[in-house]
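The values are calculated or read from the model by the stated rules, or taken from the named source; none is laboratory data. Just so you know, these numbers come straight off a predicted model, no measurement behind them. Don't worry about glycine lacking a Cβ; one is built from the backbone with ideal geometry, like all the others, and counts go over all protein chains shown.
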Amino acid sequence: MPATELASIAADLVAANKGILAADESHPTIEKRFTSIDVSNTEENRQAYRNMLLTTPGLEEFISGVILFDETIRQSASDGTPFPELLESRGIIPGIKVDKGAKDLALFPGEKVTEGLDGLRGRLADYHSVGARFTKWRAVIEISDDLPTMFAFNANAHALARYAALSQEAGLVPIVEPEVLMDGAHSIDRCDEVTRAVLSSLFEHLKLHRVALDGLLLKTNMVLSGKKSSDRADVQTVATKTVAALTETVPAEVPGVVFLSGGQTDEQATAHLNAMNRIGGFPWQLSFSYGRALQAPALAAWKGEAANVEAGQKALYHRAKLNGAARSGSYEPAMENEAA
């Protein structure tokens, strides 16, 4: 695929007032979510749940793309339409998670490296053939008194860059996702320091691998205090520090940053994104690629029951609408109480 087409897809994924729905949960992750509503983690239930999400009326108003899991991209809606085809028919771009998960980094206790590069070229060709047009690869970085080490985030940056190059070679837009975890008691300043180092390393490796920056998206964490911190930063501080960190590390050629919501409540993720977009003045779009922060209200309303599909869809639409408003800085907390 020509580089201009990759750039066009990347730009479409961060179109105004829209963001990405992350529906790429692995079987262990979706089991945790189903357990919370007392639903068995069967293929039938997973298909029914994804069908509810992806057939939500009006979803295309606020969702530009959906990240799918290997199982899901091969499944069909209840009417027999393959999920990628269903999404395309609604103007939503199908994507796919391609990494094999974070594994222990040998000889580096407490640190992880994401695996999945072996055989990736062939898998990417397969995913393109079944309708995927973008991909995602996640790396996780943990903060402690001694972590992360320089080697750990360089190892993950190298893997992210190799994945990104292979994706672009296959005609797929890569979403590179280095996530600095919220776990721990670290301060927002410590998160800021680590996030800047991680992103600087990432873009150095992307450049070395000749990855076209206008044909990719960055998915990353916001600069946040650790969950166990006794001094949690407020919304405006998070927004200011996150924008400043991105300004120092993310090249202007990158069309957009799609934040992950890891560790935040639905409302916090929306409020932080909204505050950043009110600051403005940056060269890239600031959007969202939320999983739990979009799905949680829908999951709770659905409860695994066919009679609750409409309620689940209304909850998802409402959450997507609020995050769509945050894209332009027009979200207000009072909107949380509007009828879904």
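Is it the case that some residue within the range 119-127 is closer than 20 Å to Ser200 by Cβ, at pLDDT 95 or above and touching a Gly at 6+ places or on another chain (Cβ under 9 Å)?
No, that holds for no residue.
Pairs, please: C-beta under 8 Å, at least 6 apart or cross-chain, first residue farther than 17 Å from Ala161 by Cα and hydrophobic (A, V, I, L, M, F, W, C) and in the range 118-132, second part of a helix (DSSP H, G or I) and modelled with pLDDT of 95 or more?
Partner pairs satisfying both residue conditions: Val130/Ile73; Val130/Pro84; Ala132/Ile73; Ala132/Pro84.
Go through (1) of a type in the set (D, E, K, R); (2) over 19 Å from Ile141 (Cα atoms); (3) touching a residue at least 40 places away in the same chain (Cβ under 8 Å) one by one and return the number of the condition Asp234 breaks.
It is condition (3) that Asp234 fails.
Being closer than 30 Å to Tyr317 by Cβ and either charged (D, E, K, R) or in contact with an Asp or Glu (Cβ under 9 Å, 6 or more places away or on another chain) (or both), is that true of even one residue in the range 106-125?
No - not one qualifying residue is present in the range 106-125.
Considering every residue within the range 138-152, establish whether at least one is in contact with a strand residue (DSSP E or B) (Cβ under 8 Å, 6 or more places away or on another chain), aromatic (Phe, Trp, Tyr) and over 19 Å from Trp284 (Cα atoms).
Within the range 138-152, not a single residue is in contact with a strand residue (DSSP E or B) (Cβ under 8 Å, 6 or more places away or on another chain), aromatic (Phe, Trp, Tyr) and over 19 Å from Trp284 (Cα atoms).
Take the range 233-269 and flag every residue that is surrounded by fewer than 23 Cβ atoms within 10 Å (Cβ to Cβ), farther than 21 Å from Gly65 by Cα and of a type in the set (Val, Ile, Thr).
Once the filter is applied, which keeps residues that are surrounded by fewer than 23 Cβ atoms within 10 Å (Cβ to Cβ), farther than 21 Å from Gly65 by Cα and of a type in the set (Val, Ile, Thr), the range 233-269 yields Val235, Thr237, Thr240, Val243, Thr247, Thr249, Val250, Thr265.
Only one of these conditions is not met by Ala296: (1) modelled with pLDDT of 95 or more; (2) under 18 Å from Ala22 (Cα atoms); (3) in contact with a strand residue (DSSP E or B) (Cβ under 8 Å, 6 or more places away or on another chain). Which number is it?
All conditions pass for Ala296, except number (3).
May I ask you to list the residues in the range 150-206 that are among the small types (Gly, Ala, Ser) and under 18 Å from the mean Cα position of the chain (by Cα)?
Within the range 150-206, Ala157, Ala159, Ala161, Ala164, Ser167 qualify.
Taking helices (runs of 4 or more DSSP H) that fall entirely within the range 247-340, which contain at least 1 residues that are within 24 Å of Arg46 (Cβ to Cβ) and more than 15 Å from the chain's Cα centre (by Cα)?
292-302, 309-326
List the residue pairs whose Cβ atoms are under 7 Å apart, where the first residue sits in the range 19-41 and is within 14 Å of Ala296 (Cβ to Cβ) and touching a residue at least 24 places away in the same chain (Cβ under 8 Å), the second is of a type in the set (Val, Ile, Thr) and surrounded by 15 or more Cβ atoms within 10 Å (Cβ to Cβ), and the two are 6 or more positions apart or on different chains.
Note: pairs meeting the criteria are Leu21/Ile63; Leu21/Val66; Ala22/Ile67; Ala23/Val66; Ala23/Ile67; Ala23/Thr72.
Would you confirm whether any residue within the range 203-224 is in a loop (DSSP other than H, G, I, E, B), closer than 18 Å to Ile9 by Cα and without any contact (Cβ under 8 Å) to a residue 60 or more places away in the chain?
yes
Taking interchain pairs and intrachain pairs at least six residues apart, which have beta carbon atoms under 9 angstrom, with the first residue in the range 168-197 and under 15 Å from Thr240 (Cα atoms) and the second part of a strand (DSSP E or B)?
If the second residue must be part of a strand (DSSP E or B), the pairs left are Cys191/Val180; Thr195/Ile141; Thr195/Pro178; Thr195/Val180.
One residue is enough: does the range 274-281 have a residue meeting the conditions farther than 18 Å from Ser64 by Cα, surrounded by fewer than 21 Cβ atoms within 10 Å (Cβ to Cβ), in contact with a helix residue (DSSP H, G or I) (Cβ under 6 Å, 6 or more places away or on another chain) and not β-branched (Val, Ile, Thr)?
no
Looking at the range 182-224 only, could you name the residues that are among the small types (Gly, Ala, Ser), modelled with pLDDT of 95 or more and surrounded by fewer than 24 Cβ atoms within 10 Å (Cβ to Cβ)?
Hits for the range 182-224 are Ser187, Ala197, Ser200, Ser201, Ala212.
For the subset of the range 32-60 comprising residues that are in a helix (DSSP H, G or I) and exposed (fewer than 15 other Cβ atoms within 10 Å of the Cβ), which member is nearest to the chain's Cα centre (by Cα)?
Applying the filter and picking the extreme gives Lys32.
If you check every pair at least six apart or on different chains, which have Cβ atoms under 6 Å apart with a residue in the range 81-108 that is touching a residue at least 12 places away in the same chain (Cβ under 8 Å) first and a residue that is surrounded by fewer than 16 Cβ atoms within 10 Å (Cβ to Cβ) and assigned to a loop (DSSP other than H, G, I, E, B) second?
Listed by first residue and then by second, the contacts come to Lys100/Glu115; Lys103/Glu115.
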